[in-house]
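To keep things clear, I will list the structure first and then write my remarks on it.
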Amino acid sequence: MKDLEHKLSEERDTYQTNTIAPIWQLQENLKLWLNEMQCYLSEESCLKFKINPVEMLQQIKSVKKQQKPILEFLILESLALEREMEDYKTEHFLSQALAHSFEEKNGLFLEVPSALLSLECPYPDLKTFLISECRKLASGYWSKLQEIDQQLEVLCSNTEWNEEDQWIFQAVINQYPSDLQKKTKLCLDVLQRYLPHKSRHDLVVHKKAWDHYHFIRSRRRALILDWAQTRKAFLLKAVTTAAEASAAHEMEVVLANTRRKQLEICADLKAKVLQWKAQQEEAAKLDAAIAARRKEEKDEKERIQKEQEIIRRAQEKEKVKKYWAEKQLKWQKQEEKNLQHLEELRKLMSKQAVKDRERVKFRQALLEKRLLEKKELALQAAHKEEEKKKCLELLQQQVAVVAKLDPARVVADTVASKARMGIRTKEEFDIQKPLFQLHTYNEQQIISDPRLRVELALREAGLHKTLYAKEILPKIPPLKLPRRDMESTAFKM
């Protein structure tokens, strides 16, 4: 018992820390913000107001979001506990269900909960709507319960068995579990022994009616449990909605006061702006007068400058005319010099053309001579190739193999066939004799290679996989250098 009390106290502290403490903290913060906002509004310092209503709403939503899984868990846990309690008191509850239907109607269904009636809500229409929705929900469940009760009354009125027979029937039925195979057949056999005055058809009909009665009672129990859960969920949702409406109403009041102060400040600012605008118009007129006077002075200066510019340009034009006359005279002299130089160049070019034609003729004669020499060399090479082919043909004829015709050899046995048949084979055969003679290196020659000896020394020292070994081994020359014609050039391209 003490352990249970300790466990319950720990769960209560945890629930208070995780659920109640954040809500209390949020409530205190909201009161503090409202007091600060009223102070700011009373001191007419709304421009310096730093509290953002959007942030307050976001914080409220975050707290609601945090509390939502906790509330859902509590609802599910309460439903599980209610189911466990309902399993224990099902029979007692169902036995008094029909007798106390009027009390259920007044208490459980159609009566509005006191928590909903005493709910504080700034909007009367919202509270009225919540009460009407609760009554609609209750009336819908009550109509379904009435239909089930009418079905139960009809089943009870159609039963003609006395109390003793009914008690025996229930005792026999309750003896067998519901998941037993062939339960119906066994029950009917036992009932025929205990109730011999009832026919098997009457027992089967009463068994079906009893099963239907139990099915309707389970439906009624499920409907009542569903209504209790729905009622609790609706009350919780109504309380949450009322709290949200209260917070929104308070926020609207605060925002309305803030808006009023802002409108007053805007009116003051508008008057100041109009005054500043009149001052700016007067200053603009004075600036325009000063600008007109300065423009007249500037136009007079520009007129004097234009007259001086015209005189200066006339003088410059005279100077330009004199300069172009001197320049024209110089160009004429230069043109005469260029024409004289052109005549001299033409004479030199004509002489050079004669020399070039002679050089071209000489080069053509020299090229023809070289082509003739190349043709003669090609003819001599072809002649030598033909003579070489004739010599090779004569040599091939001299070394050609000439086999004599020997028909007996064609049909005679070969050495291999004679060996298979055991003809002319040696009596003693050396099994260890190698099949072929090997011409390769011996052990001494392999050990004498310095590359192998260095690799074995590095392996014994455990350095054969290091970068030093990879760098030094390719640089060690063999004992005998390979011939030049044996060197591979496949990887040097």
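The values are calculated or read from the model by the stated rules, or taken from the named source; none is laboratory data. If you're wondering where the values come from, they're calculated on a predicted model, not measured in any experiment. Neighbour counts run over all protein chains shown; Cβ positions are idealised from the backbone, glycine included. Side chains are part of the model used for accessible areas, which takes the heavy atoms of the whole protein and leaves out ligands, DNA and RNA. Shrake-Rupley method; radii C 1.70, N 1.55, O 1.52, S 1.80 Å.
Structure summary
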quantity: Tabulated pairs, region 469-493, first outside any loop (DSSP other than H, G, I, E, B), second open to solvent by 90 Å² or more (accessible area, probe 1.4 Å) and at pLDDT 85 or above, C-beta under 7 angstrom, 6+ apart or interchain; calculated: Leu473/Arg451
quantity: Residue list for region 241-252, filter: open to solvent by less than 80 Å² (accessible area, probe 1.4 Å) and more than 17 Å from Gln27 (Cβ to Cβ); calculated: Thr241
quantity: Test: residue in region 64-78 that is at pLDDT 70 or above and under 30 Å from Tyr213 (Cα atoms); calculated: yes
quantity: Residue within region 228-235 that is open to solvent by less than 50 Å² (accessible area, probe 1.4 Å) and charged (D, E, K, R) present; calculated: no
quantity: Glu55 being part of a helix (DSSP H, G or I), of a type in the set (D, E, K, R), loosely packed, with under 11 Cβ neighbours inside 10 Å and modelled with pLDDT of 70 or more; calculated: yes
quantity: Leu458, sole failed condition from (1) at pLDDT 90 or above; (2) of a type outside the set (Ser, Thr, Tyr); (3) over 60 Å from the mean Cα position of the chain (by Cα); calculated: (3)
quantity: Every residue from region 215-262 that is polar (S, T, N, Q), under 45 Å from the mean Cα position of the chain (by Cα) and under 28 Å from Cys134 (Cα atoms); calculated: Gln229, Thr230, Thr240, Thr241, Ser246
quantity: Residues being hydrophobic (A, V, I, L, M, F, W, C) and surrounded by 10 or more Cβ atoms within 10 Å (Cβ to Cβ) - total across region 432-491; calculated: 14
quantity: Which listed residue, of Leu4, Leu47, Leu8, is closer than 27 Å to Leu269 by Cβ and at pLDDT below 70; calculated: Leu47
quantity: Out of Ala283, Ala238, sole residue that is of a type outside the set (Asp, Glu), assigned to a helix (DSSP H, G or I) and surrounded by fewer than 16 Cβ atoms within 10 Å (Cβ to Cβ); calculated: Ala283
